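Student: Provided herewith is a single structure, encoded as structure tokens, for subsequent inquiry.
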Amino acid sequence: MISIVIPTFNEAENIIPLLKNLVELVNDFEYEIIVIDDDSPDGTSDEVNKYMKFNKRIKLITRIGRSGLSSAIKEGLIFAQGKYLLVLDGDGQHHPSFVLEMLEEIKQTKSDIVIGSRFLNSSKLEGLSNKRSLGSKIANKLARISLSKNYMKLTDYLSGCFCLDKETTKKFIRKIEINGFKFLYELLSLSRGKLSVIEVPLLFKERKFGNSKLDIAIVWDFLISIIHNLTLRLLPRRAISFGLVGISGVFVQLFMTSFLVEIFSIDFYNALPFAVISAATSNFLINNQLTFRSDRLKNLALLIGLLKFLIVASLPVIANVGITTAFYKYISADTFIAQIAGIAIVYAWNYLASSSFVWKKSI
């Protein structure tokens, strides 16, 4: 059996033409097509439900309260019954004809993974702007550095179109962290060079309807994935993200202190508490958008969350001010070094406490 897994979000106008094309291609096979929709407000699930009445091999998982590309793919692959598992995007940009080519390759070569690559010499990019193409190439070069040398010859580590042998990849699929940047990259990372992988050229078409899902959160996820892999996956992904956001808070605190001292002539001791609170608020807002975006707080919950975060951070804030003041007074009158000494103690407490108390998630 062949299982085709399609994650969707707001693809109501693209999904039915894609399903019809796929059905025509694989009609001679024993197959199932699984659409995993993140409760799209544009009615993607409704469109699939209507089409399912005419084809019982189409299946739909509508996820309520769960979201994210990697988690959708993982859920679909675990649910799938086929020997070969194919994944492609629901926007129609991956030409369906390559499904048959990938199936033929994985059968003939007995590979574990066949990737539809956008960057082989014979690949065709009709729907990728020069800016997106350049960004993808840079991202792939960074990905290559962080993965096993056995995968060095690959060209598209971030492809959304690939075929898997279920038996040889299932143990890695179950281990994939759902917040990963790209499912394929996470799979290659976890396998540590143990899987046989080949590529076939892909025709990447122009999107007809809807908008790309690429945003700052996706770019941030990629950065976290690279660091996570380079640090041998020892630290939780969220801990890395929390730490990077904390670094931005350092600059906010240093800027606010300098601003209040230099512009308003407030002495260092009185300016410091305002600077620390500003940094804590900045950290909360950025973490809410990036680190904990799957549990993002909104409206009144955002305000309550900020108050909780400031309460959680109050102990290290007090310690920050106390240690910084003592360091400045008794050890060094260098305000920069004094503040770094205070900031250094807050990270672990803030991460562990805010994860469980503010966003109510385990680390």
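Student: What residue among Ser189, Ala72, Ala301 has its Cα farthest toward the positive end of the dipole of the chain, where the charges are +1 on Lys, Arg and -1 on Asp, Glu, each on the Cβ?
Tutor: Ser189
Student: Same structure again: Computed FRET efficiency, Cβ-Cβ of Arg207 and Glu30, R0 25 Å: what is it to the nearest 0.05?
Tutor: Working: r = 31 Å, r/R0 = 1.23.
E(calc), rounded to 0.05, equals 0.20.
Student: Given the options Val276, Ser265, Ile115, identify the residue whose Cα lies farthest towards the positive end of the charge dipole of the chain (+1 on Cβ of Lys, Arg; -1 on Cβ of Asp, Glu).
Tutor: Farthest along the dipole direction, towards plus: Ile115.
Student: Short version: what are the Cα gyration tensor semi-axes of segment 76-229, square root of 5 times each eigenvalue, largest first, in whole Å?
Tutor: On the way: eigenvalues 92, 76, 48 Å².
With the √(5λ) rule applied to segment 76-229, the semi-axes are 21, 20, 15 Å.
Student: Under a cut-off of 23 Å between alpha-carbon atoms, report the lysines in cross-link reach of Lys308, not counting same-chain residues fewer than 8 places apart.
Tutor: Hits, sequence-local ones excluded: Lys298, Lys360, Lys361.
Student: May I pose another question? Taking every DSSP beta bridge with both residues inside segment 2-230, roughly what % is antiparallel (nearest 5)? If you can, show how the numbers build up before the last one.
Tutor: On the way: 8 of 31 bridges.
Percent antiparallel among DSSP bridges in segment 2-230 is about 25.
Student: Please report, ordered by residue number, every helix of the chain (full DSSP H runs) that is 30 Å or longer along its axis going by C-alpha atoms and whose mean Kyte-Doolittle hydropathy reaches 0.0.
Tutor: Working: long enough: 237-263 (39 Å, 1.34); 268-289 (32 Å, 0.62); 299-326 (39 Å, 1.85).
The answer, listed by residue number, is 237-263, 268-289, 299-326.
Student: At what distance in nm do the modelled label points of Leu134 and Asn55 sit from each other, each positioned 7 Å from its Cα along Cα→Cβ?
Tutor: Between Leu134 and Asn55, the label points sit 4.0 nm apart.
Student: Using +1 at the C-beta of Lys and Arg and -1 at the C-beta of Asp and Glu, which of His228, Ser133, Tyr157 has the Cα lying farthest in the positive direction of the dipole of segment 124-265?
Tutor: The Cα lying farthest towards the positive end belongs to Tyr157.
Student: Can you give the convex hull volume per residue for the Cα atoms of the chain, as a whole number of Å³? Display every interim value, and only then the final one.
Tutor: Details: hull volume 56.4 nm³, N = 363.
So the per-residue hull volume is 155 Å³.
Student: For segment 2-230, give the magnitude of the charge dipole about the Cα centre (Cβ charges: +1 Lys/Arg, -1 Asp/Glu; no others), in debye to the nearest 20. Intermediate values should be presented prior to the final figure.
Tutor: Details: 33 positive and 29 negative charges, 158 e Å.
Dipole magnitude for segment 2-230 comes out near 760 debye.
Student: Let me ask another. Treating the beta-carbon of each Lys and Arg as +1 and of each Asp and Glu as -1, no other charges, what is the dipole magnitude of segment 186-310 about its Cα centre, to the nearest 20 debye?
Tutor: Values: 13 positive and 8 negative charges, 135 e Å.
Using Cβ point charges on Lys, Arg, Asp and Glu, segment 186-310 gives about 640 debye.
Student: Further, regarding this structure: Kindly provide the pair-distance distribution of segment 119-189 built from C-alpha pairs, with 5 Å bins from 0 and whole-percent values in order of increasing distance.
Tutor: In order of increasing distance, the bins hold 3, 14, 23, 26, 18, 10, 5, 1 percent.
Student: Now for a different question. Sequence-distant or interchain residues sharing an amide H contact under 5 Å with Ser117, placed H: which?
Tutor: When sequence neighbours closer than 5 places are left aside, the close amide H contacts are Val200, Leu202.
Student: Now, a different point. Take peptides 297-306, 61-70 and line them up by average Cβ neighbours within 10 Å, highest first, as a rough protection proxy. The partial results should precede the final answer.
Tutor: Numbers: 297-306: 13.4, 61-70: 16.0.
Packing order, densest peptide first, comes out as 61-70, 297-306.
Student: Follow-up question, since we're still on this one. Please list 251-263, 94-106 highest first by mean number of surrounding beta-carbon atoms within 10 Å per residue. Numbers along the way, then the final one.
Tutor: Numbers: 251-263: 16.3, 94-106: 19.1.
Top to bottom by mean Cβ count within 10 Å: 94-106, 251-263.
Every number here is computed from the coordinates shown, using simple stated rules; none is lab data. All values reported here derive from a predicted model rather than from experimental measurement. No Cβ is skipped: glycine too gets one built from the backbone with ideal geometry, and neighbour counts run over all protein chains shown.
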